[in-house]
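S.K.: My structure is below; once you've seen it, I'll send some questions.
What follows draws every value from the coordinates through simple rules; no lab data is involved. Since we're looking at a predicted model, the values are computed, not measured. Heads up, the Cβs are rebuilt from the backbone with ideal geometry, glycines too, and the neighbour counts pull from every protein chain shown.
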Amino acid sequence: QEPCKLDGPRHAIAFHPFLNVKMVVADCGGTDGGCSEGGIGAGVGGGGVAPPAASAAAAGGETAREMPPRFVALSYNILAKSLGSNCIPWVMTAGDELREAVEKASGKTWQAWKNEEVVPEYSRHFHKNLASGDFAVMRVFWSSRSCTSQADIPRELTGVTFHAEDRVEYEDKKTGDVVLAYTLRGLLRARLPEGGLGESLFDHLMEQEEHVYAWPTRGPRLFREIIRTRPMTEIAVATADQNVAAVESSQVADVILLQEYDVFAESADYRGIGHEESFPSAMAAEGYRHILCKEPNKIRKEPCGLGVFWRESCFDIDVNFCD
């Protein structure tokens with residue numbers, strides 16, 4: 001976030017120190033049109049802030065009206081719903097006491113134990129198992145609380161058959177062999193049987209899943225993070241002699257790009273209003289319209305891809321762009 005010299009007098013970059021979030025202030029390409037009159041951030045809730053470039057320009061002798069309209073874009077990988085789980089090995093966390101118990105029982109560090117015992121089972125059988133019938137559902141089934149009969153296996157998993165408690169089988173499409181796979185609960189019970197440690201660890205992971213990672217909890221938190229006003233440092237070339245100015249400001253995003261956006265149809269109480277609605281409906285209530293650019297993966301059944309949202313007060317969609 002050190003000041004940097006840019007190519008021209010009307011460009012700016014804004015930095016925000018938040019994991020996976022990138023925000024850029026860019027010219028709208030002219031002095032007419034672009035964002036609403038109140039400046040960057042105007043139009044949401046009737047508020048707005050003066051463009052930070054105005055302050056930078058004034059310091060260098062330029063007037064605010066000479067600065068072109070600009071917009072703020074936010075790019076955010078929200079982590080696919082099927083992967084935003086405490087049961088996914090590379091996300092999995094546990095309390096100190098349970099981590100220490102696992103390390104003592106296995107003779108390995110928590111990270112090494114996960115890499116050697118949990119990651120291979122999940123990666124081979126559950127992460128992207130095309131033979132299962134629906135690999136996204138198979139990911140969720142990995143953390144099944146109970147698998148004691150065929151009735152516990154989701155109907156979407158047409159290629160998966162019950163084998164034993166917490167264990168299923170499917171056919172390897174390349175070799176034709178029958179492959180056995182543990183669910184997470186079965187794996188933990190098999191690898192950490194002493195004193196019921198595996199069962200205790202699974203129960204702890206599922207408690208975290210419900211109170212932290214489950215979409216009805218995580219979704220509204222992400223929504224609030226995406227739409228909130230953020231403090232940013234704008235690095236702008238504001239004067240004719242190319243001097244650099246850094247200006248602090250607080251702004252909301254005019255354009256929002258959400259990667260791994262697979263929650264298009266997921267309902268939750270995003271706005272804390274006492275009833276559930278879809279994610280696009282919640283965004284619309286905050287002044288955003290949207291399109292969904294679907295991923296090329298034709299196997300996935302639910303809508304998924306890149307979610308593009310824009311503030312109606314700033315932009316409109318080119319009807320020739322969409323069918």
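S.K.: For the cross-link pairs 114/173; 81/108; 81/294; 174/294; 81/128, which exceed 26 Å when the distance is taken from alpha carbon to alpha carbon?
M.R.: As for pairs spanning more than 26 Å Cα to Cα, those are 114/173; 81/108; 174/294.
S.K.: Whole number please: convex hull volume per residue, Cα atoms of segment 139-212, in Å³.
M.R.: Spelled out: Cα convex hull of segment 139-212, divided by residues, is 101 Å³.
S.K.: Further question on the same structure: Debye calculation, C-alpha points only, no solvent: report log10 I(q)/I(0) for segment 79-181 at q = 0.18 Å⁻¹, in the same order as the q values.
M.R.: The computed values of log10 I(q)/I(0) come out as -0.92.
S.K.: Sorted by mean Cβ packing within 10 Å, highest first, what order do the peptides 151-158, 173-180, 250-257, 261-268 take?
M.R.: Details: 151-158: 14.8, 173-180: 9.6, 250-257: 22.4, 261-268: 19.0.
Sorting 151-158, 173-180, 250-257, 261-268 by mean packing, highest first, produces 250-257, 261-268, 151-158, 173-180.
S.K.: Based on the alpha-carbon gyration tensor of segment 250-306 and its eigenvalue square roots a ≥ b ≥ c, which shape applies: rounded if a/c is under 1.5, prolate if not and a/b is larger than b/c, or oblate?
M.R.: Cα axes put segment 250-306 in the oblate bin.
S.K.: Follow-up. Can you give the net charge of the other residues whose Cβ lies under 10 Å from the Cβ of residue 284, counting K and R as +1 and D and E as -1?
M.R.: Around residue 284, the charge tally is -2.
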